[in-house]
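Bear in mind these aren't lab numbers, they're just calculated from the coordinates by the rules spelled out. Every value quoted in this text rests on a predicted model; they were computed, and no experiment measured them. In this analysis, Cβ positions are derived from the backbone assuming ideal geometry, glycine residues included, and neighbour counts consider all displayed protein chains.
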Amino acid sequence: MEPIEELSKAAALGKTVEVELLLARGVNPNGTNSCGRTPIQVMMMGSTPVARALLAAGADPDVRDAVLGLTPAHDAAREGFVAVLAELRAAGASLWQRDKLGRTPADLAAAEGHLDVVDFINSAVDFGAGDNGIRG
């Protein structure tokens, strides 16, 4: 199995130690697997340690999928993972990007009833850090 496939699989399964070992061996956290997705796009979304390891190794927190233009923040918000959103934000992710359908991470969180996520996103906006503050 190719190293990027191993890293993607470990990330998807939430295997933090394996992710860290593969990254330490030099596997590119922004490489794409056979499906054209990076490890942060396929990671077990509720695994904060995996997110932290990938981001610390330089994974792009704003990488978009080719189909809908979703970012990891969209995915984490939709699933209700505030801790992962906090890691993404700390790594420089924008929480206000829109997907190809015009939806922000807050829109997806609200649609799924994750009001704690919406509150986090609303409180996290920082006009000095690249967010344009355009909402809704």
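Amide hydrogen proximity for G14: with H placed 1.01 Å from N in the peptide plane, the residues at 5 or more positions away or on another chain lying under 5 Å are M44. Dividing the summed -39500 (n - 2.57) terms of all DSSP H runs of n ≥ 4 by the residue count of the chain sets its mean residue ellipticity at 222 nm at -13000 deg cm²/dmol. Can you give the FRET efficiency to the nearest 0.05 for L68 and E2, using r as the Cβ-Cβ distance and R₀ = 25 Å? So the FRET efficiency works out to roughly 0.45.
Label zone of D119 (point 7 Å out along Cα→Cβ, amide N under 16 Å): in the stretch 45-60 this covers no residue at all. Oblate is the label for the stretch 45-122, because a/c, from the alpha-carbon gyration tensor with a ≥ b ≥ c as root eigenvalues, is 1.5 or above and a/b does not exceed b/c.
Farthest toward the dipole's positive end in the stretch 18-107, which of N30, A91, A106, given Cβ charges of +1 (Lys, Arg) and -1 (Asp, Glu) about the Cα centre? Of the listed residues, the answer is A106.
Based on the alpha-carbon gyration tensor of the stretch 1-63 and its eigenvalue square roots a ≥ b ≥ c, which shape applies: rounded if a/c is under 1.5, prolate if not and a/b is larger than b/c, or oblate?
Details: a/c = 1.22, a/b = 1.10, b/c = 1.12.
Rounded is the answer for the stretch 1-63, as its axis ratio a/c remains below 1.5.
Ranked by the mean number of other Cβ atoms within 10 Å of their residues, highest first, the peptides 37-47, 89-99 fall in the order 37-47, 89-99.
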